[in-house]
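Let me begin by presenting the structure, written as structure tokens, before commenting on it.
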Amino acid sequence: MAAASSFLRGPLSVRALGFIGLSNNRLPQSLTLFHPPVHHRRSYVSAATDEEVSARISAVTANSEAPTIFDKIIAKEIPSTIVYEDEKVLAFRDINPQAPVHVLIIPKLRDGLSQLSKAEERHTEILGHLLFAAKVVAEKEGILDGFRVVVNNGPQACQSVYHLHLHVLGGRQMKWPPG
């Protein structure tokens, strides 16, 4: 599994989470910690993976209008390996690939579309274009004979960036069930 930021490994303190702008350094209710026996004297993230913790933290600020990392990639403020681009979408390689081919496809305009569950009828055109772009990326990457398109929606699905995006995965046998 992919690893989140190194601060999420090992002991996790409320103070360490303060950087994300939580008032009074308080944890959101959705982020649960457990306390091991007293002799350990430290709090550790329960059986949750780094990805789950990262997703819960990201969900706290999901409705913010602040630019996401994807907005910065679109603006070319953060470098990426672009695989495909047109007037509506940008596709680039994931920096933590989960398959030999792992490309993210994002709409260039967020238009309130931070996650699929926020989609409205007015988003129909861009949603269709994202899927068409997935086919174009699969063709460019030579995986048209077998690829998977994944959309993570919300913290339970480990969505970590609240700017709608598709994952195009391929280049190996995909297993079922996926999760």
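The values are calculated or read from the model by the stated rules, or taken from the named source; none is laboratory data. Since we're looking at a predicted model, the values are computed, not measured. When we count neighbours, we look across all protein chains shown, and the Cβ atoms used for this are built from the backbone with ideal geometry, even at glycine. The accessibility values were calculated without ligands, DNA or RNA, using every heavy atom of the protein model including side chains. Shrake-Rupley method; radii C 1.70, N 1.55, O 1.52, S 1.80 Å.
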Residues of region 67-83 that turn out to be in a strand (DSSP E or B) and either open to solvent by 40 Å² or more (accessible area, probe 1.4 Å) or in contact (Cβ under 8 Å) with a residue 60 or more places away in the chain (or both), as a count: 1
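Can you tell which of I74, I82, I69 is modelled with pLDDT of 80 or more and out of contact with any strand residue (DSSP E or B) (no Cβ under 9 Å at 6 or more places or on another chain)? Break it down into steps so the answer makes sense when it comes.
On the way: I74 fails: out of contact with any strand residue (DSSP E or B) (no Cβ under 9 Å at 6 or more places or on another chain); I82 fails: out of contact with any strand residue (DSSP E or B) (no Cβ under 9 Å at 6 or more places or on another chain).
Being modelled with pLDDT of 80 or more and out of contact with any strand residue (DSSP E or B) (no Cβ under 9 Å at 6 or more places or on another chain) holds for just one of I74, I82, I69, which is I69.
One line per residue, one yes/no per condition, for (1) in contact (Cβ under 8 Å) with a residue 12 or more places away in the chain; (2) open to solvent by 50 Å² or more (accessible area, probe 1.4 Å); (3) out of contact with any Pro (no Cβ under 8 Å at 6 or more places or on another chain):
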{"position": "D111", "(1), (2), (3)": "yes, yes, yes"}
{"position": "H123", "(1), (2), (3)": "yes, no, yes"}
{"position": "L131", "(1), (2), (3)": "yes, yes, yes"}
{"position": "A134", "(1), (2), (3)": "yes, no, yes"}
{"position": "V137", "(1), (2), (3)": "yes, no, yes"}
{"position": "E141", "(1), (2), (3)": "yes, no, yes"}
{"position": "G170", "(1), (2), (3)": "yes, no, no"}
So R148, is it of a type in the set (D, E, K, R), over 23 Å from S58 (Cα atoms) and either open to solvent by less than 40 Å² (accessible area, probe 1.4 Å) or part of a strand (DSSP E or B) (or both): yes
